[in-house]
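Report on the structure given below.
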Amino acid sequence: MAKTSTTTQGLRAAIERSGYYPALVAEAVEAAVGGEPIRSYLVHQETTFDANEVRRHVTVLVLTGNRFIVSHTDEQAADSTSPTPYATTSTESVKIGRISSVVLSRVVANPEKYVVGTLPREVVLTIGWGAVARIDLEPAACGDPNCEADHGYTGSSTADDLSLRVSEAGDGPDAVRQTLAFAQSLSEATTDVPR
C-alpha cells in the first residue's frame, strides 16, 4: 500500500500472512481506503468444505476516521461460466454514522473460575448498518387453546449485515485478541459520531 503509517503496514502484513491472494486483496482494500488513515483493522480467513471441494474466503474489516470498510474475497472452482478457477472480490464502504449495532458475543470456559482478562475461547462479532435484515415470522396466537381466529403474524427483525466467528482453537489466540481489539475500536467510533 502506498501509505507509510505503521497501521497501514500492519494491515498489509496481515493480508500477506493470510496467504490468500494477497496482491488481489490488498489492491481492493487499498482502493476502498483511499487516502484515509487507518484506525483499526481485522483480517479473517475461513476455510469451508463444499461437497468434494475446499473453499477459502477472506474478510478484511478496516476502520478509518469516517468509514467502516468491508472487503470479501472468495475463490471459485472452474465451472460452466469459467474454464479456469477464479476469485471474486467486493468492497463496501459504510459511513460510521450508519452503523446501528456492534455485537460481540464471548464464549468462556468454566465461567465460575473466570479471571478478568482471560481470553475467551470464541468470539462472534456481528455488525449491523441496515443493508441486510433478517425477519423471522410466525403465526400469532392468543391464550385461548380453542380459538380458531386468525391473529396475523408476529416476529422480529434483526440487523445482520456481517457476522464473524473467531475461535482460539481454529484461528489462534492472536486472531481472538485482534477481533476483540477491532470490536472495541468500532464500538468506540460509533459513540463519537452524532446521529
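Which ones in region 140-160 are under 30 Å from Gly130 (Cβ atoms) and either open to solvent by less than 60 Å² (accessible area, probe 1.4 Å) or modelled with pLDDT under 75 (or both)?
Going through region 140-160, the residues under 30 Å from Gly130 (Cβ atoms) turn out to be 140, 151-160.
The answer is Ala140, Gly152, Gly155, Ser156, Ser157, Thr158, Ala159, Asp160.
Total residues in region 177-192 satisfying the condition of being within 22 Å of Thr118 (Cα to Cα) and either touching a Ser or Thr at 6+ places or on another chain (Cβ under 9 Å) or open to solvent by 40 Å² or more (accessible area, probe 1.4 Å) (or both): the figure is 9. Within region 47-60, being assigned to a strand (DSSP E or B) and more than 11 Å from the chain's Cα centre (by Cα) holds for Thr47, Thr48, Phe49, Asp50, Glu53, Val54, Arg55, Arg56, His57.
Considering every residue within region 75-87, establish whether at least one is in contact (Cβ under 8 Å) with a residue 12 or more places away in the chain, in a strand (DSSP E or B), more than 28 Å from Arg98 (Cα to Cα) and touching a Leu at 6+ places or on another chain (Cβ under 7 Å). Yes.
Tell me, yes or no, whether region 32-39 has at least one residue that is over 15 Å from the mean Cα position of the chain (by Cα) and in a helix (DSSP H, G or I). Looking through region 32-39, at least one residue is over 15 Å from the mean Cα position of the chain (by Cα) and in a helix (DSSP H, G or I).
Asp192 fulfils the conditions (1) within 25 Å of Gly34 (Cβ to Cβ); (2) in contact with a His (Cβ under 6 Å, 6 or more places away or on another chain); (3) modelled with pLDDT under 90 except for a single criterion, (2).
Can you name the residue in region 80-124 that is within 20 Å of Gln184 (Cα to Cα) and among the polar types (S, T, N, Q) and, of all such residues, is least open to solvent (accessible area, probe 1.4 Å)?
We begin by selecting, within region 80-124, every residue within 20 Å of Gln184 (Cα to Cα); these are 93-108, 115-124.
Cutting the leftovers down to among the polar types (S, T, N, Q) gives us 93, 100-101, 105, 118.
Values: Ser93: 63, Ser100: 84, Ser101: 35, Ser105: 56, Thr118: 68 Å².
Among them, the one singled out is Ser101.
Scanning region 51-86 for residues that are β-branched (Val, Ile, Thr) and more than 22 Å from Trp129 (Cα to Cα) turns up Val54, Thr81, Thr84.
Scan region 40-57 and give yes if some residue there is among the hydrophobic types (A, V, I, L, M, F, W, C) and either over 25 Å from Ser167 (Cα atoms) or in contact with an Asp or Glu (Cβ under 9 Å, 6 or more places away or on another chain) (or both), otherwise no.
Pass one, region 40-57, residues among the hydrophobic types (A, V, I, L, M, F, W, C): 42-43, 49, 51, 54.
Retained after the next criterion (residues that are either over 25 Å from Ser167 (Cα atoms) or in contact with an Asp or Glu (Cβ under 9 Å, 6 or more places away or on another chain) (or both)): none.
No, there is no match, as no residue in region 40-57 is among the hydrophobic types (A, V, I, L, M, F, W, C) and either over 25 Å from Ser167 (Cα atoms) or in contact with an Asp or Glu (Cβ under 9 Å, 6 or more places away or on another chain) (or both).
Can you work out which of the residues in region 43-78 that are touching a strand residue (DSSP E or B) at 6+ places or on another chain (Cβ under 9 Å) and of a type in the set (D, E, K, R) is surrounded by the most Cβ atoms within 10 Å (Cβ to Cβ)? If we take residues in region 43-78 being touching a strand residue (DSSP E or B) at 6+ places or on another chain (Cβ under 9 Å) and of a type in the set (D, E, K, R), then Arg67 is surrounded by the most Cβ atoms within 10 Å (Cβ to Cβ). Screening Gly130 against (1) without any contact (Cβ under 8 Å) to a residue 40 or more places away in the chain; (2) surrounded by 11 or more Cβ atoms within 10 Å (Cβ to Cβ); (3) at negative phi leaves a single unmet condition, (3).
The values are calculated or read from the model by the stated rules, or taken from the named source; none is laboratory data. It should be emphasised that the depicted structure is a prediction, and the values quoted were computed from it without experimental measurement. Reconstructed Cβ throughout: ideal geometry from the backbone, glycine too, with neighbour counts over all protein chains shown. These area figures cover heavy atoms from the full protein model, side chains too; ligands, DNA and RNA do not enter into them. Shrake-Rupley method; radii C 1.70, N 1.55, O 1.52, S 1.80 Å.
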